[in-house]
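Some notes on the structure that comes next.
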Amino acid sequence: MNLCIVSLLLTLDLATVALSLSTCSTLDMDQFKKKRIEAIRGQILSKLKLTNPPEDFPEPEEVSRDIVAIYNSTRDLLQEKANHRAATCERQRSEEEYYAKEVHKIDMYPFYPSENVISATHFNPYFRRLTFDVSSMEKNASNLVKAELRIFRLQNPVARVSEQRIELYQ
């Protein structure tokens, strides 16, 4: 019984000490909002190089009909351009789906010439020039729509970096 009373008194004593050590204060949200609004208002005034907000607010002037007409014509022109772009994009997509796609495989020229000639370029593991000739494939360049370069890249297990890039130049 004495032990319970002592522990209860000790708990009450520690609770009052803990409450007195608390540094948290209550936050008044209305006061916080007012201070924030004043800070933003001060920033705006300093950007405008004003010390106080203006006393009188002028009424907005009537916009002339010429300016309204220019605005409306510009808006209509931009809308027409956007519609035209969307229509041409849709038409091109449908044409691509309509015509059959023909795939041709073109082999690269060998890295080293087959003749017994000393090559001017030295082997560089970081740079390789890929040469191939597509002129024999299509005589009419307007029929050639898309060309792809497909490269099968093997992972280099002894590479010291995880990133490996392929850059293409024409």
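Looking at region 139-166, which of the residues that are of a type in the set (Gly, Ala, Ser) and part of a loop (DSSP other than H, G, I, E, B) is modelled with the lowest pLDDT?
So the residue we want is Ala147.
For Ser94, are the conditions met, namely being at pLDDT below 70 and not aromatic (Phe, Trp, Tyr)?
The answer is yes for Ser94.
The values are calculated or read from the model by the stated rules, or taken from the named source; none is laboratory data. Remember, it's a predicted structure, so these values are computed and weren't measured experimentally.
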